[in-house]
Amino acid sequence: MLDWMDRRVRAIGAPVVDALEKLGFGFRFFMAVLWHSLGVFRRFSLITREIYFTGVLSLVIIMVSGLFVGMVLGLQGYDTLQRFGASEALGVLVSLSLLRELGPVVAGLLFASRAGSAITAEIGLMKATEQLSAMEVMAVNPVARVIAPRFWGGVISMPLLATLFSAAGIIGGYLVGVVLIGVDSGSFWAQMQAQVDLYNDVANGIIKSVVFGIAVSIIAVFEGFDAPETAEGVSGATTRTVVTSSLVILGLDVVLTAFMFRGV
Amino acid sequence: MNRRLYDFWVGLFVVLGLAALVFLALRVSNVSSGGAKPTYRVTAAFDNIGGLKVRAPIKSAGVLVGRVSNIHLDPQTYRALVTLDIEQDYHFSRDSSAEILTSGVLGDQYVGIDPGADETMLKGGDRINLTSSAIVLEKLISQFMFSKAAENAPQAKPAQ
């Protein structure tokens, strides 16, 4: 009986302790990355290479998705708005949806699955093939040489990608709304300009994308660094990166939206 | 791939991103109309401003001449004090009147200015004295209901 209870308590306690331990290690790791960032910015070519792999190579999927999302918003928005006789407000609907929510969030989700998973797999494999240990032997700190550039590459790429997503989406909404359906081009842009605010809408959307960029990048590099040195370990870490990043993006989005758009 | 090629692509990426940002700032949002022109500030007190908001447009004959910069309640008179920023290109006489109007049935509310006939013009710090309040739909309905009730009342009396 006592043995049975003992096992039960252990079964509940162990995952909690493990999770807390991982969270604490993650925080210490985040601090270490920030600590070693200064050296990375002195050798910016390290970051340039990572921006190429996370940002430039994600460009096509981000812009094509943005175009499609904007087109769908144009179609769906027109269908709903014309019931109220307000189809001229299509530009406002498309641009506000993209700038405030869909741009940062969908770009963040795509970024997590396109770039975050690649970062985790790369770092996990470097760890499994003992490249990180080899660096330590050569007195090169792997956090400064491998982790920090990837982290900052992601942080810099994400806002740019979200901005491009929103811009492509608005063009997609324009193509469907104005070119295809025939909403008046003048009122499409004029109403958009009258209703969209640079600070409330554009700047807040960019702040969101910066926060998501930091979250996705730190999760990706941490999962890679923390991955067990086996094939299953790396694949599990890659999956965890995508799942955790997506949940964190959506959760943070609720918090940020509650702060930003309460009274507006 | 060598470093110069990375630099080229990253440079292109950053330029694209900044171009998108400029597109969002200039083409999509209203940064170009955000207080670039010099304005002068006048106030107007209203009994009821309805749903008027800060940054609501000020129009005269339908033309945008400025924006509402501040709204607060005067603690002495309990009237709403609205601060209007009017562009310096436009001058209105001192006896102009301000009213709160609605664009369309469901549209936003704005301040309309009807010019007067006085020779002297409004200048910064002046107050518009002639104002008419926003039409509040609930009050309109209740007025209508009361006037209907008043119409029916005399007919009811002879029957008694």
Practice prompt. Starting from the range B:58-101, pick out the chymotrypsin sites (Phe, Trp or Tyr not before Pro) whose DSSP state is loop and whose Cβ has at most 15 other Cβ atoms within 10 Å.
Written response: B:78
Discussion item. Over chain A, with a Gaussian network built from C-alpha contacts below 10 Å, which listed residue (A:38, A:175, A:125) shows the highest mean-square fluctuation?
Written reply: A:38
Worksheet item: Just how far, in whole angstrom, is the range B:66-102 from the range A:152-166 if you go by their alpha carbon centroids?
Response: 43 Å
Worksheet, complete the sentence: Any residue on another chain or 5+ positions along whose placed amide H is under 5 Å from the amide H of residue B:96 is listed here as B:116
Response to the item:
Expressed in nanometres to one decimal, the distance between label points 7 Å along Cα→Cβ at residue B:27 and residue A:131 is 4.0 nm
Fill in: Cleavage-rule hits (chymotrypsin sites (Phe, Trp or Tyr not before Pro)) in the range A:1-108: DSSP loop, at most 16 neighbouring Cβ within 10 angstrom
none
Worksheet item: Counting alpha carbon pairs within less than 8 Å and at least 6 residues apart, what relative contact order, in whole percent, applies to the range B:55-146?
Response: 26 percent
Fill in: Mean ellipticity per residue at 222 nm, deg cm²/dmol - from DSSP H runs of n ≥ 4 across chain A, formula -39500 (n - 2.57)
-25500 deg cm²/dmol
Worksheet, complete the sentence: Those trypsin sites (Lys or Arg not before Pro) from the range A:163-264 that are DSSP loop and have at most 16 other Cβ neighbours within 10 Å turn out to be A:262
Worksheet entry | Sites residue A:181 and residue B:71 - FRET efficiency at Förster radius 45 Å, r taken between beta-carbons, to 0.05 | 0.75
Fill in: Paramagnetic reach from residue B:120 (point 7 Å along Cα→Cβ, amide N under 19 Å) across the range B:36-62
B:40-45
Item to complete: Have a look at A:215, A:11, A:148 and tell me which one the Gaussian network model of chain A (Cα, springs below 10 Å) gives the largest fluctuation.
Response: A:11
Fill in: Choice from B:46, B:13, B:144 with maximal GNM fluctuation in chain B (Cα, 10 Å cutoff)
B:13
Worksheet entry | Footprinting exposure proxy for B:148, B:139 (fewest neighbouring C-beta atoms within 10 Å first) | B:148, B:139
Worksheet item: How much FRET efficiency would the formula 1/(1 + (r/R0)^6) give for residue B:19 and residue B:151, where r is the Cβ-Cβ distance and R0 is 56 Å, rounded to 0.05?
Response: 0.30
Worksheet item: Given a Förster distance of 30 angstrom, what is the FRET efficiency for residue A:11 paired with residue A:250, based on the Cβ-Cβ distance and rounded to 0.05?
Response: 0.50
Fill in: Residues of type lysines that residue A:127 reaches as a straight line, Cα spacing below 30 Å, ignoring anything fewer than 8 places off in the same chain
A:22
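Laboratory data are not the source of any read-out in this text; all were calculated from the coordinates shown. Since this is a predicted model, take the numbers as computed values, not measurements. Don't worry about glycine lacking a Cβ; one is built from the backbone with ideal geometry, like all the others, and counts go over all protein chains shown.
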